[in-house]
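Below is one structure; the comments refer to it alone.
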Amino acid sequence: MKEVPSYVVLLFHSTDARDRLSLRGLGNISPETFGELCVAIKQEFDVVSLRRFTELISAREAKQGRFLAVTFDDGPKSFALNAAHVLESLRMPSACFLITDCVGDKALYWRYLYNYCINAGFGRDLAALVSAQYNVPVKEQDMVSFTRSNFSSDKNRRIIKGILGHLIAEEKYRENECELFLSSDDLRRLKDNPLITFGIHTCTHPVMKGLGNEELRNEISGSMDFYRENIENASPMFSVPFGRLSRDYDERTVFSALDLSVSAIFSAYGGINEKGQPLYNIRRIPVHEGLLEQGVDKFVRALCKMEVGPEYREAEKRLCEAVERRFLP
C-alpha cells in the first residue's frame, strides 16, 4: 500500500537569543532548539521551497512523499542572525514574510509594543488605555485577545500614542528593543540566496477583519509595492496577519489579495494540507516552545497527524463557496 503524500507548512516567528521584552511569550524559539528541530525535520521530510510546495499540491497527479516547507512571519531580525545560517547549513529552503513598514525598524509593531508594556510591568496601565479607547472595561489578562477581536486602526494608533506619551518614550523603547526586524541591508543580502524566498505580511500587521475595504486593500497593495521595489518585480506570496480564518480575517482579505494578483495565500490556524488545497488558503502549523516541550523528535513524528479543527473546516467550506461565487463564471 502506497504511503499517502503529506504536505506540511511550518510557521515560525523569532529564533532570538536576545532576551527582548517585546518578544517574550510570543512564540520565540531559541537558536539551539531551532537547530535541533531542523535536523529532525530534515531526517523525516523532503524539505522544499514554498514555490515548489505550491506546485506539488496543485499538480494533477500526486507525487509520493512527505513534503514540508519552512516559513517565518514578520521579517524578524533573528532570521538573518540565526535561522538563515542553520537552514543554509542543512540546505533547507525557507520563506520569510515581511511586515514591510517595519523593515529596518522604521515603524513600531503594535503587538511588540503591547508585549513590551506587559513584560515591563505596565500591563495595568495599558489595559486602562485600551479601556478608554474602546469605552468598555478591559481586564489586563484579556486586553490582547480583546484588541484582536475588536481591532480598530484608529483606536490602536491612539493607544500607541498613549503608550509613547505616558508609559515609555519612543526613544527609550527603540534603545532597549533595537533591531527587532530585518534591515534593508539584510534584505539585499538575503534575497540573492537561492534557498530564501520573501513574501508579504501587510504593511503594519493589523487584524484584517477589523479594517474597512479600502484600508484592507491598501495594507496588501502597499506591501506589494515595497516587495516589487525591494525584492523583485513579481507577484508575491501573502501571509495573512494572525491568520485565523473567520476570526482574524474573512473572504474580503482573500478577495482583495486575489484581485491584486498575489500568487498564494497562507493562513496560520494549523493542520496539514491536502492534495488540491486551494492556493488562496494554504494551511500552516505555528511552532512555539510549548509544542516542543516533549522533544523535537516527538513533535516532528506527529506532524503528519495534525488535522485542521472542525471550526476551520467549516470556515474553509464557506470561503471556498464565496470565492467560487466571486470569481467563477
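The values are calculated or read from the model by the stated rules, or taken from the named source; none is laboratory data. What you are looking at is a predicted structure, and each value in this text was computed from that prediction instead of being measured. When we count neighbours, we look across all protein chains shown, and the Cβ atoms used for this are built from the backbone with ideal geometry, even at glycine.
Among the residues of region 255-296, which ones are polar (S, T, N, Q) and either exposed (fewer than 15 other Cβ atoms within 10 Å of the Cβ) or not assigned by TED's automatic domain parsing to the domain that holds Met208 (or both)?
The answer is Ser261, Gln294.
I'd like the residue in region 5-45 that is part of a loop (DSSP other than H, G, I, E, B) and among the β-branched types (Val, Ile, Thr) and, out of all such residues, is nearest to Ala302 (Cα to Cα).
Ile29
Taking region 268-297, which residues are closer than 26 Å to Glu44 by Cα, part of a loop (DSSP other than H, G, I, E, B) and out of contact with any Phe, Trp or Tyr (no Cβ under 8 Å at 6 or more places or on another chain)?
Once the filter is applied, which keeps residues that are closer than 26 Å to Glu44 by Cα, part of a loop (DSSP other than H, G, I, E, B) and out of contact with any Phe, Trp or Tyr (no Cβ under 8 Å at 6 or more places or on another chain), region 268-297 yields Gly276, Pro278, Leu279, Asn281, His288, Glu293, Gln294, Gly295.
Take the residues in region 129-169 that are in a loop (DSSP other than H, G, I, E, B) and of a type in the set (Gly, Ala, Ser); name whichever of them is farthest from Asp248 (Cα to Cα).
It comes out as Ala169.
Is there a residue in region 182-189 that is assigned by TED's automatic domain parsing to the domain that holds Asp248, among the hydrophobic types (A, V, I, L, M, F, W, C) and assigned to a helix (DSSP H, G or I)?
Yes: one or more hits.
Go through region 232-267 and give me each residue that's closer than 18 Å to His13 by Cβ, of a type in the set (A, V, I, L, M, F, W, C) and not in a loop (DSSP other than H, G, I, E, B).
Met237, Phe238, Phe266
Considering only residues that are surrounded by fewer than 21 Cβ atoms within 10 Å (Cβ to Cβ), out of contact with any helix residue (DSSP H, G or I) (no Cβ under 6 Å at 6 or more places or on another chain) and on the phi > 0 side of the Ramachandran plot, which ones fall in region 51-106?
Gly65, Arg91, Asp105
Restricting to region 206-238, give me the number of residues that are among the β-branched types (Val, Ile, Thr) and over 15 Å from Asp259 (Cα atoms).
2
Go through Glu229, Glu219 for me and flag whichever is surrounded by 19 or more Cβ atoms within 10 Å (Cβ to Cβ) and acidic (Asp, Glu).
Glu219
Would it be correct to say that Glu324 is among the acidic types (Asp, Glu), over 30 Å from Asp225 (Cα atoms) and loosely packed, with under 15 Cβ neighbours inside 10 Å?
It is false that Glu324 is among the acidic types (Asp, Glu), over 30 Å from Asp225 (Cα atoms) and loosely packed, with under 15 Cβ neighbours inside 10 Å.
Please determine, by comparing only the residues of region 202-240 that are acidic (Asp, Glu) and within 14 Å of Asp101 (Cα to Cα), which one is farthest from the chain's Cα centre (by Cα).
The qualifying residue farthest from the chain's Cα centre (by Cα) is Glu229.
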